[in-house]
Amino acid sequence: MAKYLSQEWCDLYKEEINKSKAYEEAAKTWEGDFYFITEPGGPVKEKGFMYVDLYHGKCRACEIVTDPNKYKPAFTLAAPYNIWKQIATKKLDSTKALITRQSKLTGDMAKIMRYTKAANELTNCTMLVPTEWLD
């Protein structure tokens, strides 16, 4: 089991993305990187930044970042810990979280909406990571 918000977790997530034929197909024309930001709340006392670089159905990088100025990703997706956990365990759909403002996206929303299937496949990859949640 890998602890959520650890580099070990990121490494396993990258592996799952790169093994996923469904993600590869859904994101074959996607180019873009993200900061997935876990906002403080519950067991999380400080913002957590996970950098994910996605390119044509593959994950080129996934890392925990302590200095948010390290990268300038095209997108950020921020949510409190409890929302990330609900999304990662498929108790909350990632698109519904955006629409209901439980998560916040910055970047080209029109581009994101064309890739909802890819976003769902990323969530499916998340579910495959054996995760030790923080609470």
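None of the figures in this text is laboratory data; all of them are computed from the coordinates on show. Quick caveat, the model's predicted, so the values are computed rather than measured. Neighbour counts run over all protein chains shown; Cβ positions are idealised from the backbone, glycine included.
Ignoring lysines fewer than eight residues from Lys28 along the same chain, the ones with Cα atoms less than 20 angstrom from its Cα are Lys14, Lys19, Lys58, Lys111, Lys117. Extending 7 Å from Cα along the Cβ direction at Tyr55 and again at Lys21 yields two label points whose distance is 2.5 nm.
Ranked by the mean number of other Cβ atoms within 10 Å per residue, highest first, peptides 80-86, 20-26, 105-111 order as 80-86, 20-26, 105-111.
Backbone geometry of the stretch 67-74 corresponds, through the Karplus equation with coefficients 6.51, -1.76 and 1.60 at θ = phi - 60°, to 3J(HN,Hα) couplings of 10, x, 7, 4, 10, 10, x, 5 Hz, x marking Gly and Pro.
Fully extended, how many nm does the chain gain between Ile99 and Leu134 (0.36 nm per residue separation, minus their Cα-Cα distance)?
Numbers: separation 35, 0.36 × 35 = 12.60 nm, distance 2.61 nm.
Here the answer is 10.0 nm.
Taking 0.36 nm per residue of separation and subtracting the current Cα-Cα distance, fully stretching the chain between Glu31 and Gln7 would add 6.4 nm. Estimated from the Cβ-Cβ distance and a Förster radius of 25 angstrom, the FRET efficiency linking Arg114 and Tyr71 is about 0.60.
Take every Cα pair under 8 Å whose residues are at least 6 apart in sequence, average their separation, divide by the length of the stretch 2-125, and the relative contact order is 26 percent. Coupling constants for the stretch 29-45 follow from the phi torsions by the Karplus curve (6.51 cos²θ - 1.76 cosθ + 1.60, θ = phi - 60°), and in residue order they are 10, 6, 9, x, 10, 9, 10, 8, 10, 9, 6, x, x, x, x, 8, 9 Hz; glycine and proline get x. Antiparallel beta bridges, as assigned by DSSP with both residues in the chain, represent about 70 percent of the total such bridges. Each 10 Å bin from zero up to the one holding the largest Cα-Cα distance in the chain carries the following percent of pairs: 13, 48, 37, 3.
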